[in-house]
Amino acid sequence: MASYLIRGGRHLRGDVTVSGSKNAALGILAAAIICDGPCTIDNVPQVSDTMAMIDIISDIGAICKLEGNRLEIDPRGIQDARVVSERARDIRASYYLLGALLARLSSSDIFLPGGCNFGVRPIDLHLKGFEAMGASCNISHGRIRLDAKQLHGANIFLDKVSVGATINLMIAAAKAPGRTVIENAAREPHIVDVANFLNTMGARIRGAGTDMIRIDGVSSMPGRRSYSIIPDQIEAGTFMIAAAVTRGDVCVHNLIPKHMEPLSAKLKEMGAVVEEGGDFIRVYIPEGRHLSSTNFITMPYPGFPTDLQPQAVVLLCHAEGLSRMQENVWTSRFQYVEDLKLMGANIDVAERTCLITGPAQLTGSLVQARDLRAGAAMVLAGLSAQDETEIYDIFRLERGYENLVEKLTSIGANIRRSDISTLEVERNLK
Ligand code: UD1
């Protein structure tokens with residue numbers, strides 16, 4: 001069981017470069033299997049979630065060649081709609097293969113998806129959409145099976161804004177004869193990226209990035225093109241917050257400043273300096289200035305992203321006065337607060353809101369990466385704490401951050417990965 005060991009208290013300084021978006025990559029890798037020919041995808045982050053997706057699609061017959069961050073996918077050998085790879089249980093995004101296999105083979109059969117545990121995570125909206133497009137759905141023994149004699153376009157209204165359902169239905173509709181309209185669609189940057197990828201490969205999708213997406217099904221998608229994935233909004237935000245909580249001065253490169261607006265606005269409001277360029281943002285706090293308290297509410301894009309919520313709570317621990325974080329997307333996404341309290345944070349949680357009284361002097365402790373972004377919050381807490389922090393269960397963190405230790409080290413952090421955690425040593429001694 002590997003862990004991260006962080007000696008906190010260093011001011012991070014320098015330049016760091018963001019990798020490709022994990023969540024866009026997962027949608028795009030699934031979408032690639034509906035092409036009629038091979039394609040090349042650049043800027044694929046080498047994180048365990050994307051590696052799992054590559055394994056799963058290879059297992060059903062795609063030929064995948066990954067060199068660095070460039071992936072060539074040839075899906076022409078995919079004949080079997082049944083996904084048996086156990087790795088499909090590990091990642092949430094395996095559910096994109098429901099839509100993708102339905103588009104390619106008119107049926108799909110896959111494990112119910114896994115992923116981070118932050119409360120109930122239904123997929124009813126995905127299934128209702130597939131049914132509207134002519135598929136029948138059967139769930140039994142932990143698996144979902146979809147069958148369609150002939151998939152067709154449909155008008156679909158999503159009762160709730162869902163990133164996953166929007167992407168999944170877009171993929172399924174790309175080759176379904178007729179027009180599909182998705183209303184109340186999610187607008188996250190990676191939805192636009194998946195739509196751009198599909199269009200590059202031959203699909204006809206309009207309106208991605210708005211709440212109404214129109215898809216005119218095409219009879220073939222030749223592929224044979226290359227596409228480069230957008231930068232990871234959440235990784236970029238994590239580094240921006242790292243600069244603020246360590247009172248450092250970091251320039252985060254290869255990001256899209258527009259995607260960062262919800263965070264940039266809050267950092268400025270709290271007293272940080274945020275300087276934007278074409279594809280970079282520099283964050284620092286002027287000498288002698290204290291961070292001031294504020295309130296956050298997580299919302300679908302363009303609101304503040306729930307996937308930056310735990311990291312932002314660490315930021316609020318360093319602000320003077322009472323701050324509030326309201327989690328509007330997930331029902332249970334504050335479990336990690338227990339770990340922050342171990343480190344000295346003063347936080348009260350009531351259902352989907354937490355109240356943070358700062359500034360807190362955090363001190364190192366043994367803490368857990370309870371999920372991917374909670375793990376990122378622990379890293380930020382450790383970087384800004386006195387003494388040593390050890391984070392265990394970092395396999396969850398490594399689902400979504402490429403070369404995190406190397407990147408943080410390059411801007412002055414004292415962080416290393418250990419293959420054996422203190423917990424394990426203690427267990428072995430007992
Ligand atoms: C994606 C992201 C995840 C992020 C989330 C919200 C990936 C792989 N994961 O998850 O990191 O936290 O978006 O930005 O991209 N809902 C339903 N029924 C459904 C689907 C969703 O009720 O069929 C609800 C969920 O319970 C939740 C809300 O809708 O309350 C948003 O979920 P959704 O946007 O679908 O999240 P994911 O796509 O699973």
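The values are calculated or read from the model by the stated rules, or taken from the named source; none is laboratory data. Since this is a predicted model, take the numbers as computed values, not measurements. For neighbour counting, all protein chains shown are included, and Cβ atoms are generated from backbone atoms with ideal geometry for every residue, glycine included. Calculation scope for accessible area: heavy atoms of the full protein, side chains included, ligands and nucleic acids excluded. Shrake-Rupley method; radii C 1.70, N 1.55, O 1.52, S 1.80 Å.
Here are some notes:
- Test result for Glu327, within 16 Å of the ligand (Cβ to nearest atom), within 22 Å of the chain's Cα centre (by Cα), acidic (Asp, Glu) and more than 21 Å from Gly9 (Cα to Cα): yes
- Odd one out for Val18, checked against (1) within 16 Å of the ligand (Cβ to nearest atom); (2) touching a Pro at 6+ places or on another chain (Cβ under 6 Å); (3) of a type in the set (Val, Ile, Thr): (1)
- For region 183-292, the helices (runs of 4 or more DSSP H) that sit wholly inside it and include 3 or more residues that are over 30 Å from Lys128 (Cβ atoms) and within 16 Å of the ligand (Cβ to nearest atom) are 233-245.
- Residue in region 139-153 that is within 16 Å of the ligand (Cβ to nearest atom) and surrounded by fewer than 24 Cβ atoms within 10 Å (Cβ to Cβ) present: yes
- Of all the listed residues (Gln368, Gln309, Gln326, Gln386), the sole one being surrounded by fewer than 16 Cβ atoms within 10 Å (Cβ to Cβ) and either touching a residue at least 40 places away in the same chain (Cβ under 8 Å) or under 20 Å from Met1 (Cβ atoms) (or both) is Gln386.
- Within region 154-182, the set of residues being closer than 13 Å to Gly129 by Cβ, assigned to a loop (DSSP other than H, G, I, E, B) and within 12 Å of the ligand (Cβ to nearest atom) comprises Leu158, Asp159, Lys160, Ser162.
- Sub-9 Å Cβ pairs linking a first residue in region 118-145 that is in contact (Cβ under 8 Å) with a residue 24 or more places away in the chain and assigned to a strand (DSSP E or B) to a second residue that is within 13 Å of the ligand (Cβ to nearest atom) and hydroxyl-bearing (Ser, Thr, Tyr), at least 6 apart or interchain, are Ile144/Tyr95, ordered by first then second residue.
- Pair list, Cβ < 7 Å and 6+ apart or interchain, from region 73-99 residues that are farther than 17 Å from Asp49 by Cα and modelled with pLDDT of 95 or more to residues that are of a type in the set (Val, Ile, Thr) and part of a helix (DSSP H, G or I): Gly99/Ile171
- Of the residues Ser58, Ser85, Ser48, the single one that is within 16 Å of the ligand (Cβ to nearest atom) and among the hydroxyl-bearing types (Ser, Thr, Tyr) is Ser48.
- Flag for Leu125 being near the ligand (Cβ under 7 Å from one of its atoms) and either at pLDDT 95 or above or in contact with a Gly (Cβ under 9 Å, 6 or more places away or on another chain) (or both): yes
- Residue, nearest to Phe395 (Cα to Cα), within region 409-427, restricted to residues that are open to solvent by less than 60 Å² (accessible area, probe 1.4 Å) and modelled with pLDDT under 80: Ser421
- When the criteria are applied in full, Ala165 meets the requirement of being under 21 Å from the mean Cα position of the chain (by Cα), open to solvent by less than 20 Å² (accessible area, probe 1.4 Å) and touching a residue at least 24 places away in the same chain (Cβ under 8 Å).
- Test: residue in region 361-374 that is part of a strand (DSSP E or B), touching a Cys at 6+ places or on another chain (Cβ under 6 Å) and either among the aromatic types (Phe, Trp, Tyr) or more than 24 Å from Glu235 (Cβ to Cβ) (or both): no
- Top-ranked residue in region 72-92 [being open to solvent by less than 10 Å² (accessible area, probe 1.4 Å) and within 19 Å of the chain's Cα centre (by Cα); ranked as nearest to Gly164 (Cα to Cα)]: Ile91
- Restricting region 175-229 to residues that are under 18 Å from Ala93 (Cα atoms) and either touching a Leu at 6+ places or on another chain (Cβ under 7 Å) or of a type in the set (Lys, Arg) (or both), the residue that is surrounded by the most Cβ atoms within 10 Å (Cβ to Cβ) is Ala185.
- Selection from region 30-51 of residues that are closer than 13 Å to Asn69 by Cα and open to solvent by less than 10 Å² (accessible area, probe 1.4 Å): Ile41, Val44, Pro45, Val47, Thr50
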